[in-house]
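The values are calculated or read from the model by the stated rules, or taken from the named source; none is laboratory data. Remember, it's a predicted structure, so these values are computed and weren't measured experimentally. We place every Cβ from the backbone using ideal geometry, glycine too, and count neighbours over all the protein chains shown.
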Amino acid sequence: MTAQLIDGNALSKKIRGEVAERVAALKARGVQPGLAVILVGENPASQVYVKHKVADCEGTGMRSVLERYEPTMSEADLLARVRALNDDPAIHGILVQLPLPSHIDANKVIETISPSKDVDGFHVQSAGALMIGQPGFKPCTPYGCMKMLESIGVSPKGRHAVVIGRSNIVGKPMAMLLLQANATVTICHSGTPDLGAMTRQADIVVAAVGKRNVLTADMVKPGAVVIDVGMNRNDEDKLCGDVDFAGVSQVAGWITPVPGGVGPMTRAMLLVNTIEAAERAAAQAV
Ligand code: GUN
């Protein structure tokens, strides 16, 4: 292996420590930061994710409230819960775990969350703010990827970044953040005819497709930074990303592992957004 590892576990630990200091400072002013997490239904992966999110919060001294509901919960009832949390001054961040049961319109739920408490950064107002460079909450995964680049001293300025994937929660906001940092950005997707021709030009590649081996060694420029957002299972049922790690790590300059790369950073940035929301609310209350 020639590539250096970007250690998401170590970086996220440092960030959690910084959040804990900010939590302590707010608490000293009489404000207890609080995150509400809503889980509707029994999706096993979602249950694991929300358990981690709640534990992470508590690890920094923040309060977290987990609300679990039956998969039959009506959309109207869920919207009413979100509105009640919007009005609750003890709650600074609201996260509704996705996916939601199919009878509930996820967009409608996300748009009901107050943008000031939208710590996932999924609200259309947060997306719009990101697009035009206004302050707002950034989606946690791309925000974490930017922190990873910063941690290794790689500025996107003047570099060519290729983002593979165009989802609203990773690909598109990732491209916006890289653009804001003055990279030249190409967004590739399932309709891109020759993906390798694009990625071979990239100084920074972010793979966010949700499919194994989307990026192989022959598709990577020597020395490039490769960030793997994928979370898949291989034939042995082991966690793996979108990148052929064994091959690409022979060519890249830097690479994120899976697990232990982007995943812990996503969780850390949720904490950053939540403490940010609490600090803003506290500043407004003065
Ligand atoms: N489901 C999978 N990832 C996420 C996430 O980051 N936020 C929410 N709300 N749901 C998810």
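Couple of notes before you dig in:
- For the range 22-32, the condition of being crowded, with 21+ Cβ neighbours inside 10 Å and touching a Leu at 6+ places or on another chain (Cβ under 8 Å) holds for none of the residues.
- Scanning the range 107-137 for residues that are in a helix (DSSP H, G or I) and in contact with a strand residue (DSSP E or B) (Cβ under 8 Å, 6 or more places away or on another chain), we see that the one that is surrounded by the most Cβ atoms within 10 Å (Cβ to Cβ) is K117.
- Hey, A76 over 22 Å from G121 (Cβ atoms) and surrounded by fewer than 17 Cβ atoms within 10 Å (Cβ to Cβ) or not: yes
- Of all the criteria given as (1) part of a helix (DSSP H, G or I); (2) more than 14 Å from the ligand (Cβ to nearest atom); (3) in contact (Cβ under 8 Å) with a residue 40 or more places away in the chain; (4) surrounded by 16 or more Cβ atoms within 10 Å (Cβ to Cβ), the one not satisfied by I91 is (1).
- The range 58-88 - residue that is part of a helix (DSSP H, G or I), touching a residue at least 40 places away in the same chain (Cβ under 8 Å) and in contact with a strand residue (DSSP E or B) (Cβ under 8 Å, 6 or more places away or on another chain) and, of those, nearest to R280 (Cα to Cα): L85
- Residue in the range 255-277 that is away from the ligand (no atom under 16 Å from the Cβ), within 30 Å of H92 (Cα to Cα) and either without any contact (Cβ under 8 Å) to a residue 40 or more places away in the chain or basic (K, R) (or both) present: no
- Lone qualifier among V206, V248, V272 - being closer than 30 Å to E58 by Cβ and either β-branched (V, I, T) or surrounded by fewer than 17 Cβ atoms within 10 Å (Cβ to Cβ) (or both): V272
- Taking the criterion of being outside any helix (DSSP H, G or I), more than 11 Å from the ligand (Cβ to nearest atom) and either out of contact with any helix residue (DSSP H, G or I) (no Cβ under 7 Å at 6 or more places or on another chain) or farther than 22 Å from D118 by Cβ (or both), the residues of the range 35-57 that qualify are G41, E42.
- Looking only at residues in the range 136-183 that are closer than 20 Å to M219 by Cα and either in contact with a Lys or Arg (Cβ under 7 Å, 6 or more places away or on another chain) or acidic (D, E) (or both), the one that is farthest from the ligand (Cβ to nearest atom) is A183.
- Matching residues, the range 164-173, being under 12 Å from V209 (Cβ atoms) and either within 12 Å of the chain's Cα centre (by Cα) or surrounded by fewer than 20 Cβ atoms within 10 Å (Cβ to Cβ) (or both): R166, S167, V170, G171
- Across the range 96-146, the qualifying residues are those that are of a type in the set (S, T, Y) and touching a residue at least 24 places away in the same chain (Cβ under 8 Å), and the one among them that is farthest from G8 (Cα to Cα) is T112.
- Residue count, the range 225-248 (criterion: over 22 Å from the mean Cα position of the chain (by Cα) and closer than 17 Å to D203 by Cβ): 1
- When the test is whether a residue is in a helix (DSSP H, G or I), more than 15 Å from the ligand (Cβ to nearest atom), touching an Asp or Glu at 6+ places or on another chain (Cβ under 8 Å) and over 29 Å from K14 (Cα atoms), G196 passes it.
- Positions within the range 138-168 being touching a strand residue (DSSP E or B) at 6+ places or on another chain (Cβ under 9 Å), outside any helix (DSSP H, G or I) and at negative phi, in sequence order: I152, V154, P156, R159, H160, A161, V162, V163, I164, R166
- Hey, A285 of a type outside the set (S, T, N, Q), over 27 Å from H52 (Cα atoms) and at pLDDT below 95 or not: yes
- Residues of the range 19-34 that turn out to be in contact with a helix residue (DSSP H, G or I) (Cβ under 8 Å, 6 or more places away or on another chain) and charged (D, E, K, R), as a count: 2
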